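The values are calculated or read from the model by the stated rules, or taken from the named source; none is laboratory data. Being a predicted model, the structure only gives us computed values, none of them experimental. No Cβ is skipped: glycine too gets one built from the backbone with ideal geometry, and neighbour counts run over all protein chains shown. Heads up: the accessible areas ignore ligands, DNA and RNA and are worked out on the full protein's heavy atoms, side chains in. Shrake-Rupley method; radii C 1.70, N 1.55, O 1.52, S 1.80 Å.
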Amino acid sequence: MEFTRLSIEGAFVATPAIHADSRGHFFEWFKAPLFAEAVGHDLSLAQANCSVSARGTLRGLHFADVPPGQAKYVTCLAGNVLDVIVDLRVGSPTFGTWESVELSSSQPRMVYLAEGLGHGFVARADASTVVYLCSTAYNPAAEHEVDPFDPDLGIDWGITRDEADLSAKDAAAPSVKAALAAGLLPEFASCQSLFG
(Lines give C-alpha, C1' and ligand atoms only; values in the text may rest on other atoms or scores of the structure.)
Protein backbone atom coordinates (compact mmCIF):
# COMPACT_ATOMS: atom_id res chain seq x y z
CA MET A 1 0.00 0.00 0.00
CA GLU A 2 1.33 3.41 -0.97
CA PHE A 3 0.44 6.58 0.96
CA THR A 4 0.60 9.99 -0.70
CA ARG A 5 0.47 13.15 1.36
CA LEU A 6 -1.98 15.78 0.09
CA SER A 7 -1.31 19.53 0.27
CA ILE A 8 -3.36 19.82 3.48
CA GLU A 9 -1.44 18.62 6.52
CA GLY A 10 -3.10 15.54 7.97
CA ALA A 11 -4.67 14.40 4.67
CA PHE A 12 -3.44 11.38 2.72
CA VAL A 13 -4.47 9.12 -0.16
CA ALA A 14 -3.68 5.41 0.16
CA THR A 15 -3.43 3.28 -2.96
CA PRO A 16 -3.51 -0.47 -2.32
CA ALA A 17 -1.91 -3.28 -4.25
CA ILE A 18 -4.65 -5.05 -6.23
CA HIS A 19 -4.45 -8.84 -6.55
CA ALA A 20 -6.68 -9.89 -9.45
CA ASP A 21 -7.47 -13.13 -11.20
CA SER A 22 -10.37 -14.68 -13.10
CA ARG A 23 -12.50 -14.71 -9.92
CA GLY A 24 -12.20 -10.96 -9.28
CA HIS A 25 -9.78 -9.02 -7.12
CA PHE A 26 -8.57 -8.58 -3.54
CA PHE A 27 -6.92 -5.69 -1.73
CA GLU A 28 -6.10 -4.65 1.83
CA TRP A 29 -7.89 -1.38 2.54
CA PHE A 30 -6.44 -0.82 6.02
CA LYS A 31 -3.31 -2.19 7.65
CA ALA A 32 -2.42 -0.58 10.99
CA PRO A 33 1.40 -0.83 10.82
CA LEU A 34 1.57 0.65 7.31
CA PHE A 35 -0.89 3.38 8.27
CA ALA A 36 1.08 4.37 11.39
CA GLU A 37 4.36 4.41 9.48
CA ALA A 38 2.95 6.67 6.75
CA VAL A 39 0.86 9.03 8.90
CA GLY A 40 3.05 9.12 12.01
CA HIS A 41 0.53 7.79 14.55
CA ASP A 42 -1.97 5.00 15.06
CA LEU A 43 -5.62 5.26 14.08
CA SER A 44 -7.79 4.33 17.05
CA LEU A 45 -10.98 2.77 15.76
CA ALA A 46 -14.23 3.56 17.56
CA GLN A 47 -16.85 3.31 14.83
CA ALA A 48 -17.30 2.08 11.25
CA ASN A 49 -19.91 3.68 8.98
CA CYS A 50 -21.45 2.78 5.63
CA SER A 51 -23.54 5.09 3.46
CA VAL A 52 -25.27 4.23 0.21
CA SER A 53 -26.15 7.26 -1.92
CA ALA A 54 -28.09 7.95 -5.08
CA ARG A 55 -26.36 9.88 -7.85
CA GLY A 56 -26.26 13.60 -7.00
CA THR A 57 -26.40 13.07 -3.23
CA LEU A 58 -23.97 15.41 -1.49
CA ARG A 59 -23.06 14.62 2.12
CA GLY A 60 -21.08 17.24 4.00
CA LEU A 61 -19.13 19.28 4.80
CA HIS A 62 -18.89 17.80 8.30
CA PHE A 63 -16.39 18.20 11.13
CA ALA A 64 -16.27 17.52 14.87
CA ASP A 65 -15.21 19.50 17.94
CA VAL A 66 -11.53 19.17 18.87
CA PRO A 67 -10.86 17.67 21.32
CA PRO A 68 -11.57 14.88 20.77
CA GLY A 69 -12.22 15.40 17.04
CA GLN A 70 -12.92 12.59 14.62
CA ALA A 71 -10.38 11.30 12.12
CA LYS A 72 -11.76 9.32 9.17
CA TYR A 73 -10.37 6.71 6.79
CA VAL A 74 -12.69 6.52 3.78
CA THR A 75 -13.14 4.34 0.71
CA CYS A 76 -15.80 3.63 -1.91
CA LEU A 77 -16.81 -0.02 -2.34
CA ALA A 78 -19.42 0.45 -5.08
CA GLY A 79 -20.06 3.24 -7.53
CA ASN A 80 -18.07 6.45 -7.63
CA VAL A 81 -17.77 9.55 -5.44
CA LEU A 82 -15.84 12.78 -5.43
CA ASP A 83 -14.44 12.98 -1.91
CA VAL A 84 -13.54 16.44 -0.58
CA ILE A 85 -11.33 17.43 2.35
CA VAL A 86 -11.35 21.05 3.62
CA ASP A 87 -8.95 22.58 6.11
CA LEU A 88 -11.20 24.20 8.72
CA ARG A 89 -8.50 24.50 11.41
CA VAL A 90 -8.13 28.11 12.51
CA GLY A 91 -4.45 29.08 12.37
CA SER A 92 -3.50 26.38 9.86
CA PRO A 93 -1.27 27.55 7.00
CA THR A 94 -3.77 25.98 4.59
CA PHE A 95 -6.96 27.19 6.33
CA GLY A 96 -9.86 27.40 3.87
CA THR A 97 -8.20 25.28 1.16
CA TRP A 98 -9.61 22.03 -0.16
CA GLU A 99 -8.55 18.90 -2.02
CA SER A 100 -10.71 16.43 -3.92
CA VAL A 101 -10.03 12.78 -4.64
CA GLU A 102 -12.08 10.47 -6.83
CA LEU A 103 -12.93 7.25 -5.02
CA SER A 104 -14.45 4.39 -6.98
CA SER A 105 -14.95 0.65 -6.89
CA SER A 106 -13.15 0.29 -10.21
CA GLN A 107 -9.94 1.93 -8.98
CA PRO A 108 -9.74 1.39 -5.21
CA ARG A 109 -8.14 4.11 -3.10
CA MET A 110 -8.63 5.38 0.42
CA VAL A 111 -8.52 8.85 1.93
CA TYR A 112 -7.39 9.66 5.47
CA LEU A 113 -8.29 12.97 7.08
CA ALA A 114 -7.11 13.97 10.53
CA GLU A 115 -9.10 15.58 13.30
CA GLY A 116 -10.26 19.12 12.53
CA LEU A 117 -10.54 18.67 8.78
CA GLY A 118 -13.92 19.01 7.07
CA HIS A 119 -15.20 16.16 4.94
CA GLY A 120 -17.86 15.62 2.31
CA PHE A 121 -18.56 13.72 -0.86
CA VAL A 122 -20.90 13.73 -3.82
CA ALA A 123 -22.14 10.50 -5.38
CA ARG A 124 -21.50 10.29 -9.11
CA ALA A 125 -23.39 7.01 -9.59
CA ASP A 126 -26.46 5.42 -8.07
CA ALA A 127 -25.88 3.13 -5.09
CA SER A 128 -22.44 4.62 -4.44
CA THR A 129 -21.33 2.88 -1.25
CA VAL A 130 -18.86 4.65 1.01
CA VAL A 131 -17.41 3.07 4.14
CA TYR A 132 -15.30 4.84 6.69
CA LEU A 133 -13.46 4.03 9.86
CA CYS A 134 -13.73 6.69 12.57
CA SER A 135 -11.38 7.43 15.48
CA THR A 136 -14.24 8.41 17.81
CA ALA A 137 -17.90 7.52 18.04
CA TYR A 138 -20.49 9.85 16.53
CA ASN A 139 -21.56 12.53 19.00
CA PRO A 140 -24.36 14.72 17.60
CA ALA A 141 -23.64 17.52 20.09
CA ALA A 142 -20.03 17.78 18.86
CA GLU A 143 -20.76 17.43 15.14
CA HIS A 144 -20.95 20.51 12.90
CA GLU A 145 -21.19 21.38 9.25
CA VAL A 146 -20.37 24.23 6.91
CA ASP A 147 -22.03 25.09 3.60
CA PRO A 148 -20.59 22.84 0.88
CA PHE A 149 -21.36 25.57 -1.65
CA ASP A 150 -19.79 28.42 0.34
CA PRO A 151 -18.43 30.72 -2.39
CA ASP A 152 -15.42 31.55 -0.21
CA LEU A 153 -14.37 27.89 -0.46
CA GLY A 154 -15.24 27.60 -4.16
CA ILE A 155 -15.35 23.80 -4.19
CA ASP A 156 -15.93 22.30 -7.62
CA TRP A 157 -18.34 19.47 -6.86
CA GLY A 158 -19.15 18.91 -10.53
CA ILE A 159 -22.79 19.80 -9.79
CA THR A 160 -24.61 22.96 -8.69
CA ARG A 161 -26.53 23.52 -5.46
CA ASP A 162 -29.79 23.10 -7.41
CA GLU A 163 -28.63 19.75 -8.77
CA ALA A 164 -27.35 18.43 -5.43
CA ASP A 165 -29.52 16.35 -3.12
CA LEU A 166 -28.66 17.71 0.35
CA SER A 167 -30.04 16.86 3.76
CA ALA A 168 -31.98 19.70 5.42
CA LYS A 169 -29.14 20.09 7.92
CA ASP A 170 -26.46 20.37 5.23
CA ALA A 171 -28.59 22.74 3.13
CA ALA A 172 -28.91 25.08 6.13
CA ALA A 173 -25.24 24.90 7.13
CA PRO A 174 -23.47 28.21 7.83
CA SER A 175 -20.67 29.65 5.75
CA VAL A 176 -17.10 29.23 6.96
CA LYS A 177 -17.09 32.91 8.02
CA ALA A 178 -20.28 32.42 10.05
CA ALA A 179 -18.94 29.22 11.65
CA LEU A 180 -15.71 31.05 12.50
CA ALA A 181 -17.62 33.98 14.03
CA ALA A 182 -19.71 31.53 16.10
CA GLY A 183 -16.56 29.86 17.45
CA LEU A 184 -17.41 26.48 15.90
CA LEU A 185 -14.19 25.86 13.97
CA PRO A 186 -11.35 23.88 15.57
CA GLU A 187 -8.01 25.47 16.42
CA PHE A 188 -4.99 24.18 14.49
CA ALA A 189 -2.90 24.12 17.68
CA SER A 190 -5.47 21.93 19.45
CA CYS A 191 -5.46 19.50 16.54
CA GLN A 192 -1.66 19.38 16.50
CA SER A 193 -1.51 18.73 20.25
CA LEU A 194 -3.49 15.49 19.87
CA PHE A 195 -0.31 13.73 18.74
CA GLY A 196 2.32 15.59 20.75
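So which trypsin sites (Lys or Arg not before Pro) in the stretch 7-113 pass both tests, a DSSP loop state and at most 13 other Cβ atoms within 10 Å of the Cβ?
Numbers: sites: Arg23, Lys31, Arg55, Arg59, Lys72, Arg89, Arg109; in loops: Arg23, Lys31, Arg55, Arg89, Arg109.
Those that pass, being in a loop and sparsely packed, are Arg23, Lys31.
Just in the stretch 92-191: which chymotrypsin sites (Phe, Trp or Tyr not before Pro) are loop by DSSP and have at most 15 other Cβ atoms within 10 Å? List each step's numbers first, then the result.
Numbers: sites: Phe95, Trp98, Tyr112, Phe121, Tyr132, Tyr138, Phe149, Trp157, Phe188; in loops: Phe95, Tyr138, Phe149, Trp157.
Of the chymotrypsin sites (Phe, Trp or Tyr not before Pro), the ones in loops of the stretch 92-191 whose Cβ has at most 15 other Cβ atoms within 10 Å are Tyr138.
Largest first and to the nearest Å, give the Cα extent of the stretch 63-109 along each principal axis.
Over the stretch 63-109, Cα extents along the principal axes are 37, 22, 11 Å.
Using a 7 Å offset from the Cα along the Cα-to-Cβ direction at both His19 and Ala32, what is the distance between the two label points in nm, to one decimal?
2.1
Report the Stokes-Einstein translational diffusion coefficient (µm² s⁻¹, integer) for the stretch 1-159, Rh taken as the Kirkwood radius over Cα pairs, at 10 °C with viscosity 1.306 mPa s. Intermediate results must be reported in sequence, preceding the final value.
On the way: Rh = 16.0 Å.
Answer from the Stokes-Einstein relation: 99 µm²/s.
Rounded, prolate or oblate: which one fits the stretch 73-160, using the alpha carbon gyration tensor with axes a ≥ b ≥ c (rounded when a/c is under 1.5, else prolate when a/b beats b/c, else oblate)? Display every interim value, and only then the final one.
Values: a/c = 1.77, a/b = 1.29, b/c = 1.37.
Oblate, since a/c reaches 1.5 and b/c is not below a/b.
Keeping all protein chains in position, work out how much accessible area Leu153 exposes to a 1.4 Å probe, and write it in Å² to the nearest 10.
Roll a 1.4 Å probe over it and Leu153 shows about 20 Å².
Excluding residues fewer than 8 places away in the same chain, name every one of the lysines whose C-alpha is closer than 22 Å to that of Lys31.
Cα-Cα hits under 22 Å: Lys72.
Please report, largest first and rounded to whole Å, the three semi-axes of the ellipsoid equivalent to the stretch 112-196, where each semi-axis is the square root of five times an eigenvalue of the C-alpha gyration tensor. Each step should come with its number before you reach the end.
On the way: eigenvalues 114, 66, 30 Å².
Value: 24, 18, 12 Å, ordered largest first.
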